[in-house]
Amino acid sequence: MRPILVVTENQGAELSDSSRELLSKALALTEAFGGEVVAVGFGEGAPETLKRSGAHRAVAVGGSAVAQYASLPYERALHQVLERIQPSLVLLPNTTLGMDLGASLAAAKGMAMVAYCCGLHTESGALVATSQVYGGKLLAEVAIPVEEGAPGTVVTVLPGSWAPEALPNREPVLETLLAEEAQGMVVRETIAPESGGDVDITRAEVLVSVGRGIQDPENIPLAEELAQVLGGVVSCSRPVVDAGWLPRSRQVGKSGLTVKPKLYLALGISGAPEHLQGMKDAELIVAVNTDPAAPIFEVAHYGTTADVLDFIPAAVEAIRERGA
Amino acid sequence: MRIAVLMKEVPDLIEELELTPEGRLETDVLSYIPSEWDEQALEEALILKEESGAAVTVVAVDSGQVDDMLYTALAKGADRAVKLAAESEVLTNRARAALMAAYLQQDPYDLVLTGVQAVDDLDGQVAGLLGGQLGWPHASVVREVKAQGEQVQCVQEYAGGWMATLELALPAVLGIQAARRPPRYVSVAKVRQLQKTASLETVEVTPLPAVELPVRRLYRPAAAGHATMWSEDAAEAAAQLVELLQSRKLIRS
Ligand SMILES: Cc1cc2nc3c(=O)[nH]c(=O)nc-3n(C[C@H](O)[C@H](O)[C@H](O)COP(=O)(O)OP(=O)(O)OC[C@H]3O[C@@H](n4cnc5c(N)ncnc54)[C@H](O)[C@@H]3O)c2cc1C
Ligand SMILES: Nc1ncnc2c1ncn2[C@@H]1O[C@H](COP(=O)(O)O)[C@@H](O)[C@H]1O
């Protein structure tokens, strides 16, 4: 098979977790189909992290144009890499980078595209991808053509879709590429995450987390009362922040914070993939949601379909009675 | 500035999704709502219009059920509504994007806004597909779009709460994560009123070429685990919570 190209991201001085997931899957696929894994990385740290990628070959894209992430210069550099490598498969994490670049590369290079992939496996000599659809309520299955003449397929993979195997201790043959400045896009300022302000939800042992099911900002104090009797703090899903009901520092999930409390109480949260990404490793998850088919019940340990507005006061009362 | 907002209607996920034995979605039983991120994109476009006098056109691929969504957008303040006529009813999202790219080539806009993704196919790829196909600068997962002459400024979000302020030269495509303000409300009465005078334009386009992969089947995830379900009665469920927390020593007993 033509090579598999893995577009990697760094997290500090290491490859990001999702990059390692992709590399380990790509290596497993070359065992099934033959061919090589080529890893590509960007920025100053890339030559160093790519050494630990376990790939057969690697391309480190450097220069001031890619010193920080911006889709246009990254895309231009990847066009050159694709021309040179002619991959059968391009794997990207379904992060902002994957959402920016996956489709645009596929469109520009006439390749096929599978987004939101959460599984890649071989099935009697064929490659099959599974993607989440309908807010995670259903899965869609697609066969990816891998024969010689196939146009190649770009796949963006949800972070955390499978556990990465340890990467082999092989130093890839490293090439470097100087990225060209791209007219048309400038990064003005990089902004660090909003600090917790009054509370840091990543440190709390108990999180009472509210979603759109809380319905009205006037109901937030109910959740605060429950958090108080449990000795925890209130966190939330993204729509609650976008509506201005709670500050961004309280947001759990893909574009918010990752939390791992002892107790995560999900109140009126559907369990969209982007939310689960930030809390699925909590020690104990209890979900309250009127929809019995809500995906949150698949990661929760305990659950009820009671109405949150009935459940919260009932829980406050029950805890006060027994806990006092 | 001419802004196009691409809008799509999606099944309301509050309703149960039924599958045929062949693994297709039973579409007769679905009810449709505008994709929530497209409503965010429309709101951001309307804010831009108020700030800098942009002309806003809403564009939808005609699936036979987009009229209400488009009239509502007009009632909220959009200037034009365009339905793209597709030759076939069932289109893959790649084919729809190719149709939209063809339209954008023949009717040029300065700025194209899409929703960051839509819950049905969860693709989130249209902004990138259009950017790639048209060769325009593009960015997804963005907020706070401000017009500045020949360019736009916006904030792009990354994992863990990191962000960056970007400037893009026009024409550009942006995938909108959230508007600066919650989407405005318009009453059904006002939409009905407007329906009497306003009209939707239909445009026929020939899609640009695109490589498609057919979906073999849809299926329900085999739950890796499922929550142990407590009583649906709030007071009983609350008592079960207390019992659990006591046994786990998460509250004083
Ligand atoms: C790039 C990107 C990044 C994102 N990042 C994040 C992120 O960091 N964090 C995040 O949370 N989301 C994120 N999202 C958004 C995510 O896709 C979902 O839209 C969001 O998580 C949904 O929030 P929710 O569960 O509160 O709302 P909904 O999905 O609307 O769910 C509300 C739930 O409440 C239930 N409900 C309603 N009324 C009641 C009641 N009275 N009692 C009990 N239950 C009730 C409903 O059954 C429903 O399941 C991101 C999306 C994108 C595209
Ligand atoms: N059929 C369509 N008609 C108009 N816009 C669409 C259509 N499909 C997708 N879009 C736009 O592309 C965005 C992302 O959709 P998707 O890539 O399908 O998740 C949507 O939020 C819309 O803005």
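The values are calculated or read from the model by the stated rules, or taken from the named source; none is laboratory data. Because the structure is predicted, anything quoted here is derived from the model rather than measured. Neighbour counts are summed over all protein chains in view; Cβ atoms, including those assigned to glycine, are modelled from backbone coordinates with ideal geometry.
Given the structure, is residue B:145 in contact with a helix residue (DSSP H, G or I) (Cβ under 9 Å, 6 or more places away or on another chain), free of Cβ contacts under 8 Å to residues at least 60 places away in the same chain, buried (at least 22 other Cβ atoms within 10 Å of the Cβ) and more than 8 Å from chain A (Cβ to nearest Cβ)? It is false that residue B:145 is in contact with a helix residue (DSSP H, G or I) (Cβ under 9 Å, 6 or more places away or on another chain), free of Cβ contacts under 8 Å to residues at least 60 places away in the same chain, buried (at least 22 other Cβ atoms within 10 Å of the Cβ) and more than 8 Å from chain A (Cβ to nearest Cβ). Just to be sure, is residue B:172 surrounded by 18 or more Cβ atoms within 10 Å (Cβ to Cβ) and outside the structural domain of residue B:70 (by TED's automatic domain parsing)? Taking the combined requirement at face value, the residue does not satisfy it.
The listed residues are B:113, B:166, and the only one of them that is within 11 Å of another protein chain (Cβ to nearest Cβ) and either in a strand (DSSP E or B) or in contact with a Gly (Cβ under 6 Å, 6 or more places away or on another chain) (or both) turns out to be B:166.
Go through region B:85-111 residue by residue and tally those that are under 19 Å from residue B:125 (Cα atoms) and modelled with pLDDT of 85 or more.
Number satisfying all stated conditions: 13.
Annotation: of all residues in region A:39-65 being of a type in the set (Val, Ile, Thr) and under 22 Å from the mean Cα position of the chain (by Cα), the one that is farthest from residue A:180 (Cα to Cα) is A:49.
Looking only at region A:126-145, how many residues end up being touching a residue at least 60 places away in the same chain (Cβ under 8 Å) and either acidic (Asp, Glu) or away from chain B (no Cβ under 12 Å) (or both)? Count: 0.
Restricting region B:2-27 to residues that are among the hydrophobic types (A, V, I, L, M, F, W, C) and part of a strand (DSSP E or B), the residue that is farthest from residue B:220 (Cα to Cα) is B:3.
Which members of region B:174-203 meet the condition of being within 16 Å of ligand 1 (Cβ to nearest atom) and β-branched (Val, Ile, Thr)? Once the filter is applied, which keeps residues that are within 16 Å of ligand 1 (Cβ to nearest atom) and β-branched (Val, Ile, Thr), region B:174-203 yields only B:176.
Looking at B:98, B:73, B:118, B:45, just one residue is more than 14 Å from chain A (Cβ to nearest Cβ), over 13 Å from residue B:173 (Cα atoms) and either among the small types (Gly, Ala, Ser) or not in a loop (DSSP other than H, G, I, E, B) (or both), and that residue is B:73. The residues of region B:121-135 that are more than 9 Å from ligand 2 (Cβ to nearest atom) and either under 18 Å from the mean Cα position of the chain (by Cα) or more than 8 Å from chain A (Cβ to nearest Cβ) (or both), listed by number, are B:131, B:134.
Summed over region A:292-307, residues that are surrounded by fewer than 24 Cβ atoms within 10 Å (Cβ to Cβ) and of a type in the set (A, V, I, L, M) total 3.
Scanning region A:76-121 for residues that are within 14 Å of the chain's Cα centre (by Cα) and more than 11 Å from chain B (Cβ to nearest Cβ) turns up just one, A:91.
Screening the candidates A:201, A:220 for the property of being surrounded by fewer than 17 Cβ atoms within 10 Å (Cβ to Cβ), out of contact with any Cys (no Cβ under 8 Å at 6 or more places or on another chain) and more than 10 Å from chain B (Cβ to nearest Cβ) yields one hit, A:220. Within region A:96-113, the set of residues being surrounded by fewer than 24 Cβ atoms within 10 Å (Cβ to Cβ) and either over 19 Å from residue B:212 (Cα atoms) or of a type outside the set (Gly, Ala, Ser) (or both) comprises A:109, A:111. Among residues of region B:99-123 that are farther than 20 Å from residue B:147 by Cβ and within 16 Å of ligand 1 (Cβ to nearest atom), those with a Cβ under 7 angstrom from a residue that is of a type in the set (A, V, I, L, M) and part of a loop (DSSP other than H, G, I, E, B), sequence gap 6+ or separate chain, pair up as B:119/B:13. If you filter region A:232-248 down to residues that are more than 16 Å from ligand 2 (Cβ to nearest atom) and within 8 Å of another protein chain (Cβ to nearest Cβ), you find that the one that is surrounded by the most Cβ atoms within 10 Å (Cβ to Cβ) is A:248.
Condition test on residue A:212, is it farther than 30 Å from residue B:250 by Cβ, more than 8 Å from every other protein chain (Cβ to nearest Cβ) and either surrounded by 20 or more Cβ atoms within 10 Å (Cβ to Cβ) or among the basic types (Lys, Arg) (or both)?
Answer is no for this residue.
Tell me yes or no: at least one residue of region B:77-92 is in contact with a Lys or Arg (Cβ under 9 Å, 6 or more places away or on another chain), touching a residue at least 60 places away in the same chain (Cβ under 8 Å) and part of a helix (DSSP H, G or I). Checking region B:77-92: not a single residue is in contact with a Lys or Arg (Cβ under 9 Å, 6 or more places away or on another chain), touching a residue at least 60 places away in the same chain (Cβ under 8 Å) and part of a helix (DSSP H, G or I). Considering only residues in region A:276-291 that are closer than 19 Å to residue A:215 by Cβ and surrounded by fewer than 24 Cβ atoms within 10 Å (Cβ to Cβ), the one that is nearest to the other protein chains (Cβ to nearest Cβ) turns out to be A:291. When residue B:196 is tested against (1) away from chain A (no Cβ under 11 Å); (2) assigned to a loop (DSSP other than H, G, I, E, B), only condition (2) is not met. Could you please let me know if residue B:218 is within 16 Å of ligand 2 (Cβ to nearest atom) and without any contact (Cβ under 8 Å) to a residue 40 or more places away in the chain? Answer is no for this residue.
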